[in-house]
Amino acid sequence: MIKNIFFPENKTIFEKLLFFFFSIYPIAFLVGNFAINLIVSIIFIIFFYSTLFKKVDLFKSDKFLIYLLLFLFISLLVNLYFSNNFYLSYPRVFKFILVIFFVLAFKQLLKSYNYDEINKLYKIWSIVFLIVIIDLIFELVFKSNILGFKSIIPGRLTSFTGKEMIIGHFFSAFALIILSYIYLNFKNKNLSLLVALSFIILSFLIGERSNFIKTFIILSIFIFFTYETKLKFKLFFISLIVLLFISLLNFNNNYKVRYFNQLDKLFSKNGINNYLENSIYGAHYKVAQEIFKDNPVFGVGIKNFRVESFSKKYDDLKHKHRNRRGNTHPHQIHYELLSETGLFGYFSFMIFIFFSLYFFYKSFKKHKNIYQFSGMLFVVVNLLPLLPSGSFFSTYSAGLFWINYSIMMGYIGNEN
């Protein structure tokens, strides 16, 4: 059975290898950055040699996607020229070549395999996701995961990510893809609704507030636009989820502290401003604003926030936590892009996203592909302002973003 899934007789060796490494891609996020980089690099090598030996004319079939990706890459090269520290920036900039081939390789995979065969890929991802769910439940009950990893923050779960405690981002990135698989492969739609409810609750229990909000938004939008049920039922379903959250807050003090006590300023007058003025995130945002003001056109360069934010010129930053302003990134994608790439890089990225969504919409309007819709929701929601986020240029965050982007764009022009 395993041989038939990974190595069907009617496929080339390149197609078989691409399928295998994309199948195990989610596992890499549970292992660490080295595993993610390794799999992405292997996919790059496989697809590069595949195009050489098979002489695939990429520009003939995927011209629009290649132009989009090249446009973003060129903008990064321009930014690199003006970077404060070339040696900090160039690894991330040239690593984008791997991203280009990664996205195109996934699109090629969708062309090479039919619907039923690609469905096996999502089935494998679902099994990996189920293992994570079991591990999270195990950690909830026994206070450590299956491997003995423990969270160092009350009200947070860590699962296989250990001290990194970033399982919530992984959960958010794959939850909707897995729900799409369940929705399409099980006739009982009430079952998939219960699964959606359990995903939202588990995301809440993980304790990563920003990722929970994003997960809640994408799953709620998916339910409203995908399920053919009455509006009253959908509103009741969402209301039920809110009531469950309130109950969890009342019965668990750790969650009450994380989701209410630490955020109570948000619900007061000028809540957002008050919260930012009294939080470390606010200090990161504030110094990012100042860095942008000092370098408005091209920013300080990718990965240079980690140096510039500690600069003595910002010692008098007007913020309560100015002494803790410095970090590897500002924890918000818009501040990261503005401070590190300036208006040039920021608008280049927004143009890239705008045209990507335009091509997505044209395709989705015609084919109503659920997987494509799920990828789009993750991409868009992760670009929401204000909500804290991981570094867009980090291995982990970028890996999750680009697989969803690949799903969003990979089905365009694909008759399978």
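The values are calculated or read from the model by the stated rules, or taken from the named source; none is laboratory data. Predicted model, so just to flag it, every value in this text is computed and none were measured. Heads up, the Cβs are rebuilt from the backbone with ideal geometry, glycines too, and the neighbour counts pull from every protein chain shown. With ligands, DNA and RNA removed, areas are computed over all heavy atoms of the protein, side chains included. Shrake-Rupley method; radii C 1.70, N 1.55, O 1.52, S 1.80 Å.
Details
- Within-12-Å neighbourhood charge of TYR183 [Cβ basis; K, R +1; D, E -1]: +1
- Overall form of the stretch 276-416 per C-alpha gyration tensor (a/c, 1.5; a/b vs b/c): prolate
- Protein heavy-atom surface of the chain, 1.4 angstrom probe: 65% of the accessible area is carbon and sulfur, with nucleic acids and ligands not counted.
- Size of electric dipole in the chain: Cβ of Lys, Arg +1 and of Asp, Glu -1, about Cα centre, debye, nearest 20: 460
- Sequence-separation-based contact order of the chain, relative, with Cα cut under 8 Å and 6+ spacing, percent: 19
- Global geometry of the chain, whether rounded, prolate or oblate, following the gyration tensor of its Cα atoms and the 1.5 cut on a/c: oblate
- Solvent-accessible area per residue for the chain (1.4 angstrom probe, square angstrom): 48
- Descending semi-axes in whole angstrom, ellipsoid equivalent of the stretch 266-356, from the Cα gyration tensor: 23, 18, 10
- Protection proxy ranking, peptides 103-113, 42-52, 302-312, average beta carbon neighbours within 10 Å, highest first: 103-113, 302-312, 42-52
- Net charge, ILE131 excluded, C-beta distance under 14 Å - Lys, Arg +1, Asp, Glu -1: -1
- Residue-averaged 222 nm ellipticity for the chain, from DSSP H runs of 4+ at -39500 (n - 2.57), nearest 500: -23500 deg cm²/dmol
- Largest to smallest accessible area among ILE223, ILE182 [probe 1.4 Å]: ILE182, ILE223
- Net charge dipole size for the stretch 48-198 [Lys, Arg +1 and Asp, Glu -1 on Cβ; Debye, nearest 20]: 160
- Taking the centroid of alpha carbons for each part, the stretch 161-175 and the stretch 129-154 are 12 Å apart.
- Ordering MET409, MET350 by accessible surface, largest first, gives MET350, MET409; the 1.4 Å probe counts only protein heavy atoms, with every chain in place.
- Solvent-accessible surface (1.4 angstrom probe) belonging to GLU164, in square angstrom, nearest 10: 130
- Taking all protein chains as shown and a probe of 1.4 angstrom, HIS329 keeps an accessible surface of around 20 Å².
- The stretch 71-111: Cα Rg divided by the 2.2 N^0.38 Å rule of thumb: 1.41
- Nearest-10 value in Å² for the accessible area of LYS230, using the 1.4 Å probe: 150
- Euclidean distance of C-alpha centroids, the stretch 333-383 and the stretch 110-124, integer Å: 24
- Across the protein chains, with a 1.4 Å probe defining accessible surface, the residues ILE36, ILE201 rank ILE201, ILE36 from largest area downward.
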